[in-house]
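Q: Provided herewith is a single structure, encoded as structure tokens, for subsequent inquiry.
Just so you know, all these numbers are worked out from the coordinates, no wet-lab data involved. This one's a predicted model, so the numbers in the text were calculated from it and none came from an experiment. Here the Cβ positions follow ideal geometry from the backbone for every residue, glycine too, while neighbour counts run over all protein chains shown.
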Ligand SMILES: Nc1ncnc2c1ncn2[C@@H]1O[C@H](COP(=O)(O)OP(=O)(O)O)[C@@H](O)[C@H]1O
Ligand SMILES: [Mg+2]
């Protein structure tokens with residue numbers, strides 16, 4: 001499998017001098033196309049920084065990030081913005097929908113911002129895959145949390161991105177709804193061939209992934225393939241995550 005995202009010796013230091021914090025330390029990893037990867041680690045281990053650097057939301061202090069073979073270093077903010085709209089999908093814990101827009105308008109927003117017309121057949125397929133038929137003219141406030149996250153997942157898929165990055169996508173959902181959303185992300189990978197990278201602190205959520213990367217103190221210290229939630233919980237305990 002080819003890597004859709006590659007990080008080579010990526011370091012990120014916040015601040016300067018005495019107060020400097022090394023959030024990532026020479027992280028090198030490849031994310032295979034069509035895979036579902038979970039990123040775990042104790043609080044402050046660098047998970048969000050990893051996601052932000054991989055997604056072009058933040059610029060590494062050193063090292064190289066490539067997306068589909070494109071080197072992000074040296075791209076200007078306009079080019080990065082377009083890349084984030086069309087080549088990357090984002091799903092956040094807080095859904096981040098626009099309350100004044102309908103479901104359909106929220107889903108197609110990245111395309112409209114990029115000045116690209118939505119393909120009707122593709123839009124219909126996405127709406128159906130995330131199970132939002134009959135809800136397309138609703139506003140976010142008229143939907144449950146799980147439905148709102150489905151809108152966010154549909155929005156993340158609309159541009160047929162190379163990768164979908166999720167930061168704690170089930171963090172605001174109850175257990176049952178979280179499972180539905182994780183099953184949907186699994187289907188996005190298995191049924192649509194998408195690549196998904198998900199930050200989570202939940203071992204059950206991580207067990208839906210093909211592989212888990214464990215971060216500690218800004219480094220990848222462990223990986224697990226075909227993870228069970230028990231294995232993930234045991235590794236997290238060893239990292240001192242729940243002391
Ligand atoms: N914008 C920032 N300015 C200064 N320090 C930051 C900033 N963002 C993150 N950090 C620090 O970098 C480290 C990693 O943070 P983060 O990536 O948010 O970890 P995680 O998501 O695993 O909790 C932490 O020590 C955090 O305090
Ligand atoms: Mg975080």
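Q: Would you pick out the residues in segment 82-127 that are in contact with a helix residue (DSSP H, G or I) (Cβ under 8 Å, 6 or more places away or on another chain) and in a loop (DSSP other than H, G, I, E, B)?
A: 95, 96, 97, 98, 99, 101, 116, 117, 118 - these are the residues of segment 82-127 that are in contact with a helix residue (DSSP H, G or I) (Cβ under 8 Å, 6 or more places away or on another chain) and in a loop (DSSP other than H, G, I, E, B).
Q: Condition first: touching a strand residue (DSSP E or B) at 6+ places or on another chain (Cβ under 6 Å) and part of a loop (DSSP other than H, G, I, E, B). Now tell me which residues in segment 25-66 satisfy that.
A: Within segment 25-66, 33, 41, 45, 46, 55, 60, 61 meet the criteria.
Q: While we're here: Restricting to segment 12-27, name every residue that is in contact (Cβ under 8 Å) with a residue 12 or more places away in the chain and either more than 12 Å from ligand 1 (Cβ to nearest atom) or under 26 Å from residue 238 (Cβ atoms) (or both).
A: 12, 22, 23, 24, 25, 26, 27
Q: To continue, here is another question. For residues that are within 16 Å of ligand 2 (Cβ to nearest atom) and touching a strand residue (DSSP E or B) at 6+ places or on another chain (Cβ under 9 Å), tally how many sit in segment 172-201. Steps first, please.
A: To start, the set of residues in segment 172-201 that are within 16 Å of ligand 2 (Cβ to nearest atom) comprises 172, 197-201.
Those still in the list that are touching a strand residue (DSSP E or B) at 6+ places or on another chain (Cβ under 9 Å) too: 197-201.
Counting residues in segment 172-201 that are within 16 Å of ligand 2 (Cβ to nearest atom) and touching a strand residue (DSSP E or B) at 6+ places or on another chain (Cβ under 9 Å) gives 5.
Q: Give me the pairs, please: first residue somewhere in segment 36-64 and over 20 Å from residue 195 (Cβ atoms), second residue anywhere and in a strand (DSSP E or B) and within 9 Å of ligand 2 (Cβ to nearest atom), beta-carbon distance under 9 Å, and either six or more positions apart or on two chains.
A: 41/199
Q: Filter segment 28-50 down to residues that are near ligand 1 (Cβ under 8 Å from one of its atoms) and either under 14 Å from the mean Cα position of the chain (by Cα) or at negative phi (or both) and give me whichever is surrounded by the most Cβ atoms within 10 Å (Cβ to Cβ). Step through it out loud before you land on a result.
A: First, pick out the residues of segment 28-50 that are near ligand 1 (Cβ under 8 Å from one of its atoms): 41-50.
From what is left, the residues that are either under 14 Å from the mean Cα position of the chain (by Cα) or at negative phi (or both) are 42-43, 45, 47-50.
Details: 42: 18, 43: 7, 45: 23, 47: 23, 48: 16, 49: 23, 50: 27.
Out of the qualifying residues, it is 50.
Q: Run residue 9 past the list (1) more than 15 Å from ligand 1 (Cβ to nearest atom); (2) under 23 Å from residue 209 (Cα atoms) and report the number of the one that doesn't hold.
A: Only one criterion in (1) more than 15 Å from ligand 1 (Cβ to nearest atom); (2) under 23 Å from residue 209 (Cα atoms) is unmet by residue 9, namely (2).
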